[in-house]
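Quick notes on the structure that follows.
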Amino acid sequence: MKVWGIRLFFIITSSASCYIVYRSPIAAGVGFIVALLLVGTEICLRTPSVRSIIASLIGLAVGLLVSLIILPLLSQLDSNLKIVIVLSLGYVGMMAGFHLSMTFGLSRLSGSDGSVRSDESSSVQAASNFKILDTSVIIDGRILEICQTRFVEGTLVIPRFVLNELQHIADSTEPLRRNKGRRGFDILRALQNNPTIDVDISEEEVPHLPEVDAKLVHLAQKCEATIITNDLNLNKVAELQSVKVLNINELSNAVRPVVIAGEVIQVLLLKEGKEPNQGVGYLDDGTMVIVEDGKPYIGRTLNVEVTQMLRTSAGQMIFTRIKENEMDTDERQGMRSYPRGW
């Protein structure tokens, strides 16, 4: 049930309760109008949630209990005013329970078997354990392998507006965009099917912000959550607004192997380089290896000696030269006479 369902339930219940208690259509009308005004006052909060119905009902019960306690102290008030107080406290309690469930994750208090967890560390899940995924990182796909290695803890949150954007991409007339969108849905399905990964589809909406990136930042600020992305622009915008960001590209660059000058590595040369006589290969993690005088050895796996490593925003490149013992005498002689730029 979304938040509109909760609001509608409150309005109907308020009107019906007033009619049952006072047996008067006028009282029912007063209850309906007061409930409508309260909903209209709260509507700007715009905080829908599928999981918050239980917390909302608990909050409603608490609010009604408080009203029953204070009503005897207000015996001199008009009966219609008492109705307003009861409905107001009930509604405030219901919406307080709803918003608290969004902030502190009250729906996580119970274990998978429905029993309440007794240990203090799991009694309240911190909002910082929520990781919000953006569209780019879902399409990228590496988040699945990262989660499978259990380097990312907490709940992965996929907002409904991100799913809508992914659906729009999957419905594109451009084959490449359509395939990216479908790949994104395959990644989400794999995440949900993995029993070690906690995935939650959030119905939270931010209607006053049109852009998906702005909605992600707003939602992360509200829930004190972390955004996982590989979008550099979103990364910068989020950091400017003091939102924590985990960038998949930065993680990928951080875990690349570090080599030093003089170290020997093995690489398969796959193509020519930009400069004359260069050969280019790649390590298992995608790091580009440039081999001087490696053009004649394209298609072969060689042991090469590192001469320099260059880090860029796009990753790192390793410059190497072929070790002398990788070539027999004829090859060394041929290389010495091999014209530059051939």
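Here, each number is a calculation from the coordinates, and none is a lab measurement. Note that the coordinates shown come from a computational prediction; the quantities given were computed from them, not determined experimentally. So basically every Cβ, Gly included, is an ideal-geometry build from the backbone, and we count neighbours across all protein chains shown.
Taking the number of Cβ atoms within 10 Å of each Cβ as an exposure proxy, the fewest-first ranking of K295, K222 is K222, K295.
According to the square roots a ≥ b ≥ c of the eigenvalues of the Cα gyration tensor, what is the shape class of the stretch 178-315, taking rounded for a/c under 1.5, prolate for a/b larger than b/c otherwise, and oblate for the remainder?
Details: a/c = 2.84, a/b = 2.28, b/c = 1.25.
It comes out prolate by the Cα gyration axes.
In terms of packing, defined here as the mean over residues of other Cβ atoms within 10 angstrom, the peptides 233-243, 250-260 line up highest first as 233-243, 250-260.
For L144 and L74, what does the FRET efficiency come to when R0 = 56 Å and r is the distance between their Cβ atoms, rounded to the nearest 0.05? Intermediate values should be presented prior to the final figure.
On the way: r = 58 Å, r/R0 = 1.04.
The pair L144/L74 has a calculated efficiency of 0.45.
When the P(r) is computed for the stretch 126-254, the part past 20 Å accounts for 41% of the Cα-Cα pairs. Working note: Karplus 6.51/-1.76/1.60 with θ = phi - 60° gives the stretch 24-31 the couplings 9, x, 5, 4, 4, x, 4, x Hz, where Gly and Pro are set to x. The Cα atoms of the stretch 144-213 give a gyration tensor whose axes a ≥ b ≥ c have a/c of 1.5 or more with a/b no greater than b/c, which makes the shape oblate. Less than 5 angstrom separates the built amide H of G273 from those of Q278, G279, V280, all sequence-distant by 5 or more or on a different chain.
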